[in-house]
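Q: Input: one structure, supplied below.
None of the figures in this text is laboratory data; all of them are computed from the coordinates on show. These numbers come from a predicted model, not from an experiment. For neighbour counting, all protein chains shown are included, and Cβ atoms are generated from backbone atoms with ideal geometry for every residue, glycine included.
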């Protein structure tokens, strides 16, 4: 794993020692002699991790970290603070400043490299997110959600907001006497639910009840049982996106490295100060929620690629893909399926007479009626302009024709409220075709149903025509 690491220390010897350790692991090392120099280099871009001495003249490591976190250009860069003073007050100051970890001199090389690997994985996820247009997708996703919210009363489902509170679970062995006392000490520090659970309950968790963060004792009765449990939880659908902090005996750097390489977000050591662990928990909860948002944003981007933003229906790209899948299933299982191609009559006149906002209302209302009038297994898409396509699997010719007539009647009966007041009625022409048993069944059906729709238009509109097989 490559990475560009900024080493910040006012003592040249310390910079050289750290550079030798990291260069031996094939990392690209950039030195800086002060906090101000570090900020300037970080703002220039290309830095993956910052390893910084806590006690420096001028800007201390904590001061520099706060400034880095306050700047959007550098806020996401992981920071490891290093100090010769190993006391809880120094650790708390560094962690509260936004540092991702706090190491004491002399720095344990195994622990250092494991932490670097772990933070680089997180940094790479951020870079990948940005490379895939994450910021743009966030704005597009917000726009899409707002648009759907405006149409929620028109029958479109809006995803429910997630719970405002999260969950923290503590897991230890039967002899872990610290569990209940530490749970009670942690509870006042968090708005999240803090609970103690055992191994069996953890493995039985559902996605709805899965904690955001697990605090796991590495040795739950047996050595490394907690590490094995973490590995199991990370492999399960319900808990694979949770954050994990592993608790270890003091000084156990080798297993700390193992835990981080296995996917732990952080490690802490017994006997742990509650305030310090609480700070680490807050940091990992923040990271976990950021990761959740990135994942949801990319999922939204995938949906945007196949969803028509005006109506909330799937678009032409998805419709053609779905039609081919239904055609393959028909051939494999010997079932029937039909397609209905629909076009709003005289839609150009609606836009020309009443304006495009009125036309948008018509499209949204028609889309709602079509979606509400079909079965759950049916699919209706907006494939362009005022054209809609419905795919009806497991349906015979008479059933498809009856559905088309029902859709035509439902559209003819609606009245759309215009922006300037008053109402407007519209009609639709519909073509119907059945999928046939041939290699290009989807393309063939689209060709024939388009001819049927043209015939409906030619015969006077507001009617259904069935294509010949």
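Q: So for 446, 68, fewest C-beta neighbours within 10 Å to most, what's the order?
A: On the way: 446 20, 68 25.
Fewest to most other Cβ atoms nearby, the residues stand as 446, 68.
Q: Here's another thing I want to ask about it. Tilt of helix 441-458 relative to the longest C-alpha principal axis of the chain, in degrees (0 to 90, nearest 10)?
A: Tilt of helix 441-458: around 50 degrees.
Q: Let me ask another. Calculate the radius of gyration of the Cα atoms of segment 426-469 to one decimal place, then report Dmax, the largest Cα-Cα distance, as a whole number, both in Å.
A: Reported Rg and Dmax, both Å: 11.0, 37.
Q: Averaging sequence separations of C-alpha pairs under 8 Å and six or more residues apart, then dividing by the length of the chain, give the relative contact order as a whole percent. Could you put the intermediate results ahead of the total?
A: On the way: 762 pairs, mean separation 45.5, N = 469.
Averaging sequence separation for qualifying contacts and normalising by length gives 10 percent for the chain.
Q: Ok, one more. What is the gain in length, in nm to one decimal, between residue 206 and residue 117 on full extension, counting 0.36 nm per residue of separation less the C-alpha to C-alpha distance?
A: On the way: separation 89, 0.36 × 89 = 32.04 nm, distance 3.03 nm.
Stretched out fully, the residue 206 to residue 117 stretch lengthens by 29.0 nm.
Q: Find the relative contact order for segment 316-466 and round it to a whole percent, using C-alpha pairs within less than 8 Å whose residues are 6+ positions apart.
A: Values: 256 pairs, mean separation 45.7, N = 151.
Relative contact order for segment 316-466 comes out at 30 percent.
Q: A further question follows. Per DSSP helix of 4 or more residues, -39500 (n - 2.57); summed, then divided by the residues of the chain. What does that give at 222 nm, rounded to the nearest 500?
A: Values: 16 runs with 224 residues, N = 469.
Helices in the chain give a 222 nm mean residue ellipticity of -15500 deg cm²/dmol.
Q: May I pose another question? What is segment 164-304's relative contact order, in percent, from Cα pairs under 8 angstrom and six or more apart in sequence? Present the calculation step by step, with values, prior to reporting the outcome.
A: Working: 200 pairs, mean separation 29.7, N = 141.
Here the relative contact order equals 21 percent.
Q: Scale the Cα Rg of segment 4-131 by the rule-of-thumb value 2.2 N^0.38 Å and send over the ratio, two decimals.
A: Numbers: Rg = 13.3 Å, N = 128, 2.2 N^0.38 = 13.9 Å.
Working it through for segment 4-131, the quotient is 0.96.
Q: Of all DSSP beta bridges located in the chain, what percent are antiparallel, nearest 5?
A: Antiparallel: roughly 35 percent of the beta bridges in the chain.
Q: For a test of the definition: using alpha carbon positions, the gyration tensor, and the 1.5 limit on a/c, classify segment 316-466 as rounded, prolate or oblate.
A: Working: a/c = 2.13, a/b = 2.00, b/c = 1.06.
Prolate shape, in that a/c is at least 1.5 and a/b is the bigger ratio.
Q: Moving to a separate point now. Quick one: pull the percentage of alpha-carbon pairs in the chain with a separation above 33 Å. Write out the running numbers ahead of the final one.
A: Numbers: 59473 of 109746 pairs.
Percent of Cα pairs beyond 33 Å in the chain: 54.
Q: Hey, fewest Cβ within 10 Å first, where do 354, 241 land in order?
A: On the way: 354 18, 241 14.
With the fewest neighbours first, 354, 241 line up as 241, 354.
Q: Next up: Compute the long axis of helix 316-333 from its Cα atoms, compare it with the longest principal axis of the Cα atoms of the chain, and write down the angle in degrees, 0 to 90, nearest 10.
A: 80 degrees
Q: Another question, if that's okay. Can you give me the convex hull volume of the Cα atoms of segment 164-304, divided per residue and expressed in Å³? Present the calculation step by step, with values, prior to reporting the outcome.
A: Details: hull volume 15.1 nm³, N = 141.
Measuring per residue, one finds 107 Å³ for the Cα hull of segment 164-304.
Q: Return the percentage of antiparallel bridges among DSSP beta bridges fully within segment 205-323, rounded to the nearest 5 %. Mind dumping the intermediate values first?
A: On the way: 2 of 12 bridges.
Close to 15 percent.
Q: May I pose another question? Alpha carbon centre of segment 1-76 versus segment 304-368: separation in Å?
A: Taking the Cα centre of segment 304-368 as reference, the centre of segment 1-76 is 54 Å away.
Q: Report, to the nearest 10°, how far helix 274-306 tilts away from the longest principal axis of the Cα atoms in the chain, using its own Cα long axis and a range of 0 to 90°.
A: 20 degrees
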